[in-house]
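Structure first, then comments.
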Amino acid sequence: MPTRPSQKLTRRGPPEPLSANRSGASTGTPSRALSFSVAVRQVFGSGFGAGFWLAAFWLLLIAFCAVFADVLPVRDPLDPVIANRLNGPFTTNLLGADGLGRDILARLINGARVSVVIALTAVSIGMLIGGTLGILAGYFRGHFERGLMAVLDVILAFPWLVLLLALVAFIGQSLMAISVAIGLLWIPAYARVARANTLSVVQREYVLAARAMGASTFRILTREVLPNVILPVLAYGLVAMGLVIIVESALAFLGLSVEAPQPTWGGMISEGKRHLATAVHVALVPSIAMFLTVLSLNYVGDRLRSRFEVKESNL
């Protein structure tokens, strides 16, 4: 009789447990809110391109100049040298001199400090107050949301320049006063951005599961909602910083920003307008610096916001 070929029976080991780190979340369980560190790693991935990193480098350069303006080897921005009056670029002064013979490069670096301080302070005020109000409105809804949105719509209906002039006239023209006045104007915008993102987050499964498990409102807001709302709000903050710099420069151009002799980019443009026919560089150099800064902030903010929105849509 033909014999059946012998087969070796091999004993298999226990099934491999499902790994929670293989795809970022455990298989078979509902996805929870991404932690802040994981979300940051997803946002700052590859594929930004050279333009993004050039814009980021320019912003880092501006921040470096603003922080170390007092120790950089440049001339005194307030020291007038009549012999250098209206000097062109690449002469005695690297970027030229203004109508009083003051070094434009030194004034540009010290003016960056004013722009950075006002932008950071104003955006922080708007983000903290407006973001908090927007998250609460998007989570609790009801009468609180309707009342808050009505108040914000009334504030947004006022012309921003008229409202800003009124605030500056009331609280003064110091550096902190200008920052607070502009920051108060950004509260409605941040509240609307935070509310819109919160409305989409509170409908996700992990928030509904946390509610069903009896988690407190504070825990849901801080552990589930906030990590998914803060990144688009931060990305919008970069775009808002560019707009804040423009607003501050407009005030300085009108003579209503930080008082002289403190140099500001808007003040330098205002002083250079009288020399446009003979020395266009006096107004052109600060205009180019402000243009590149605002463009870089908008570009970096838009790329980060689009990257985060792509990741959100894939959840």
(request) Assuming R0 = 25 Å, can you tell me the calculated FRET efficiency for the pair THR132 and LEU199, based on Cβ-Cβ distance, to the nearest 0.05? (result) 0.95
(request) Could you calculate the FRET efficiency of LEU72 with ASP302 from 1/(1 + (r/R0)^6), where r is the beta carbon distance between them and R0 is 35 Å, rounded to 0.05? (result) 0.70
(message) Modelling each spin label as a point 7 Å along the Cα-to-Cβ direction, I'd like the SER124/VAL151 distance in nm, to one decimal.
(response) 2.4
(request) Could you calculate the FRET efficiency of THR92 with TRP53 from 1/(1 + (r/R0)^6), where r is the beta carbon distance between them and R0 is 41 Å, rounded to 0.05? (result) 0.75
(request) Provide the packing ranking of 154-165, 126-137, i.e. peptides ordered by the mean count of other C-beta atoms within 10 Å per residue, highest first. (result) 126-137, 154-165
(request) Output ³J(HN,Hα) for the range 283-290: one whole-Hz value per residue in order, computed from phi by the Karplus curve 6.51 cos²θ - 1.76 cosθ + 1.60 with θ = phi - 60°, and x for Gly and Pro. (result) 8, 6, 4, x, 5, 5, 4, 5
(request) Please turn the phi angles of the range 69-85 into ³J(HN,Hα) values with the Karplus equation 6.51 cos²θ - 1.76 cosθ + 1.60 (θ = phi - 60°), one per residue in order, whole Hz, x for glycine and proline. (result) 4, 6, 10, 5, x, 10, 6, 5, x, 9, 8, x, 10, 4, 5, 9, 4
(request) Could you please rank GLU271, GLU205, GLU145, GLU248, placing first whichever residue has the fewest other Cβ atoms within 10 Å of its Cβ? (result) GLU205, GLU145, GLU271, GLU248
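Laboratory data are not the source of any read-out in this text; all were calculated from the coordinates shown. As the structure is a prediction and not an experimental result, all values here were calculated from the model. Using ideal geometry, Cβ is built from the backbone for each residue, glycine included, and neighbour counts are taken over all protein chains shown.
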